[in-house]
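One structure is given here, and the rest of the page talks about it.
Here, each number is a calculation from the coordinates, and none is a lab measurement. Owing to the predicted nature of the structure, the values given are computational and were not obtained by experimental measurement. Cβ atoms come from the backbone with ideal geometry, glycine included; neighbour counts cover every protein chain shown.
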Amino acid sequence: MVAEIADADQRRIFDELVARGEISVDGFTADEVIEIVEEHSSVSGNLSIPDCSVCYFARKHNVPMLTGDRRLRRYAEEQSIEVHGILFIFDELVRHDIISTSMAADRLEELFAINARLPKAEIRDRINRWRNN
């Protein structure tokens, strides 16, 4: 998945987090890569090998996944993998007092303005709740 970080600024920040030990990068053995490729071959053509590797990792370590990809979410849920998206991140940032409800509402409005595929009703609910908090 690291190879999919195309934006130079995001890659720089990621590399800094890795260097500080705040994010770890895990690899796969040759046998695991074979299993991932076999899984990729068995699913319809909608998932990439990196997508399948994330599912493999989540299953292996019994950890939830974070994705905004509808096809990957659907496949992971079919595999009984716990999946969260961007709204979960907002909820957690607010719940842990990392950002204020006002800031969360503002940023969620900005995000929705550039990504209309997000669930409109859930976004409105959060914005209303956070604005009236």
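Loop-located GluC sites (Glu not before Pro) in the range 1-48 (DSSP state other than H, G, I, E, B) with a sparse environment of at most 14 neighbouring Cβ atoms within 10 Å: GLU22.
Sorting the segments 69-76, 113-120 by their mean number of nearby beta carbons within 10 angstrom, highest to lowest, gives 69-76, 113-120.
Shown here is the pair-distance distribution of the range 7-85: with all Cα-Cα distances grouped in 10 Å bins from zero up to the longest one, the shares run 17, 42, 34, 7 percent. Taking 7 Å steps out from each Cα toward its Cβ at ILE114 and LYS60 produces label points 3.3 nm apart. The overall shape of the chain, judged from the alpha-carbon gyration tensor, is prolate: a/c is not under 1.5, and a/b is greater than b/c. Full extension of the chain between SER100 and VAL25 yields a length gain of 23.9 nm, computed as 0.36 nm times the residue separation minus the alpha carbon distance. For the range 1-68, the list of trypsin sites (Lys or Arg not before Pro) that fall in a loop by DSSP and count at most 12 other C-beta atoms within 10 angstrom reads ARG20.
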